[in-house]
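Student: Please see the structure below; I have some questions.
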């Protein structure tokens with residue numbers, strides 16, 4: 001019950017959570033789309049114009065470093081170089097300014113852009129990101145793309161719950177499902193005893209199918225009714241097999257004890 005409350009209970013800073021989720025989505029998509037260039041080895045991510053609290057800029061740097069596509073100029077070194085040039089970490093949205101800064105920093109390319117929209121309300125949270133990548137040598141933009149994400153603000157909206165569940169710990173969700181599957185037939189053992197006492201194979205089969213179906217629906221609910229990867233599908237198939245086997249064994253045990 002405690003773990004279920006942690007997962008489904010009231011959220012702290014719900015609007016902030018939704019902003020972070022959308023920021024994660026657009027920056028993940030942007031870094032995945034960023035092309036690999038043979039002539040580009042080192043890259044700096046410049047502060048985005050219109051980026052509140054630098055959230056998207058920070059996420060872009062983290063995800064680009066984790067991707068291994070390029071050697072990223074570290075943020076601390078980036079700030080040190082700016083200080084030597086007599087500049088502050090100001091947003092950069094224009095191509096000419098971005099290329100000039102790339103030449104000063106000595107990197108092969110820079111990632112820059114702007115955030116035209118990043119708002120949160122009880123009804124909706126939305127973010128727009130316009131991202132570009134410019135090469136120092138050619139002085140041209142070799143990548144330009146716009147990203148947009150929206151999420152309904154209502155606690156009852158499917159997108160809100162799907163995002164919240166997907167952001168939660170996988171270990172916690174598996175633990176919750178195991179507890180649910182183990183306890184369901186034990187809590188309802190009078191029903192199982194009553195059905196098995198009828199000594200009807202058809203009733204027994206329907207009972208086991210019903211319990212297994214409830215377990216699988218609980219597992220689906222803990223994925224947000226979304227199967228994004230083969231790993232998730234495999235876990236659901238394993239849950240189906242384990243649930244069917246356990247329900248059969250526990251029903252047989254309850255039947256023997258009743259006799």
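What follows is calculated from the coordinates using simple rules that are stated; it is not laboratory data. Model, not experiment: these values are computed from the prediction. Positions of Cβ are generated from backbone atoms using ideal geometry, with glycine treated the same way; all protein chains shown enter the neighbour counts.
Student: What angle do you read, to the nearest 10 degrees and between 0 and 90, between the alpha-carbon axis of helix 14-33 and the longest principal axis of the chain?
Tutor: Once rounded, the angle reads 70 degrees.
Student: If you build a Gaussian network model of the chain, linking Cα atoms that sit under 10 Å apart, which residue out of 134, 109, 100 swings the most?
Tutor: 100
Student: Can you sort 38, 108 from fewest to most other Cβ atoms within 10 Å of each residue's own Cβ? Before the final figure, lay out the partial values.
Tutor: Working: 38 5, 108 18.
Sorted ascending by nearby Cβ count, the order is 38, 108.
Student: Also, I was wondering about something else. Hey, could you grab the Kirkwood Rh for segment 217-259? Inverse mean 1/r over distinct alpha carbon pairs, Å, one decimal.
Tutor: Kirkwood hydrodynamic radius for segment 217-259: 11.8 Å.
Student: Separate question: Provide the convex hull volume over Cα atoms per residue for the chain, in Å³.
Tutor: Details: hull volume 39.2 nm³, N = 259.
Normalising the Cα hull of the chain by residue number yields 151 Å³.
Student: Sticking with this structure for a sec: I'd like the orientation of helix 75-85 relative to the chain: the angle between its Cα long axis and the longest Cα principal axis, in ° from 0 to 90, rounded to 10.
Tutor: So the inclination is approximately 20 degrees.
Student: Sticking with this structure for a sec: Most mobile of 87, 21, 103 per a Gaussian network model of the chain (Cα springs, under 10 Å)?
Tutor: Top of the fluctuation ranking is 87.
Student: Quick check on the chain: of the DSSP beta bridges with both residues there, what percent are antiparallel, nearest 5%? Please report the intermediate quantities before stating the final value.
Tutor: On the way: 21 of 27 bridges.
Roughly 80 percent of the beta bridges in the chain run antiparallel, per DSSP.
Student: Per the helix-only calculation at 222 nm, which mean residue ellipticity applies to the chain, given -39500 (n - 2.57) for every DSSP H run of n ≥ 4 and division by its residues, nearest 500 deg cm²/dmol? Mind dumping the intermediate values first?
Tutor: On the way: 10 runs with 147 residues, N = 259.
Per the formula, -18500 deg cm²/dmol.
Student: Relative to the longest principal axis of the C-alpha atoms of the chain, give the angle of the C-alpha long axis of helix 230-258, reported between 0 and 90° and rounded to the nearest 10°.
Tutor: Result, in degrees: 20.
Student: Would you mind ranking 205, 143 so that the residue whose beta carbon has the fewest other beta carbons within 10 Å leads the list?
Tutor: Values: 205 10, 143 16.
Fewest-to-most ranking of 205, 143: 205, 143.
Student: Give me 165, 227, 192 sorted ascending by neighbouring Cβ count inside 10 Å, so fewest comes first. List each step's numbers first, then the result.
Tutor: Numbers: 165 17, 227 14, 192 23.
Fewest to most other Cβ atoms nearby, the residues stand as 227, 165, 192.
Student: Please report the orientation-averaged projected area of segment 186-259, defined via the convex hull of its C-alpha atoms, in nm². It would help to have the intermediate numbers written out before the result.
Tutor: On the way: hull surface 20.3 nm².
Directional mean of the projected Cα hull area for segment 186-259 stands at 5.1 nm².
Student: Here is a further query. Once all Cα-Cα distances of segment 8-152 are split into 10 Å bins that start at 0, what whole-number percent is in each one?
Tutor: Once binned at 10 Å, the Cα pair distances of segment 8-152 give 11, 42, 31, 12, 3, 0.
Student: Which value, in Å to one decimal place, does the Kirkwood hydrodynamic radius take for segment 166-219 when every pair of different Cα atoms is included? Write out the running numbers ahead of the final one.
Tutor: Values: mean 1/r = 0.0804 Å⁻¹.
The answer is 12.4 Å.
Student: Just how far, in whole angstrom, is segment 167-230 from segment 58-102 if you go by their alpha carbon centroids?
Tutor: 51
Student: Of all DSSP beta bridges in segment 8-152, what percent run antiparallel (nearest 5)? Intermediate values should be presented prior to the final figure.
Tutor: Working: 21 of 27 bridges.
So the antiparallel bridges in segment 8-152 amount to around 80 percent.
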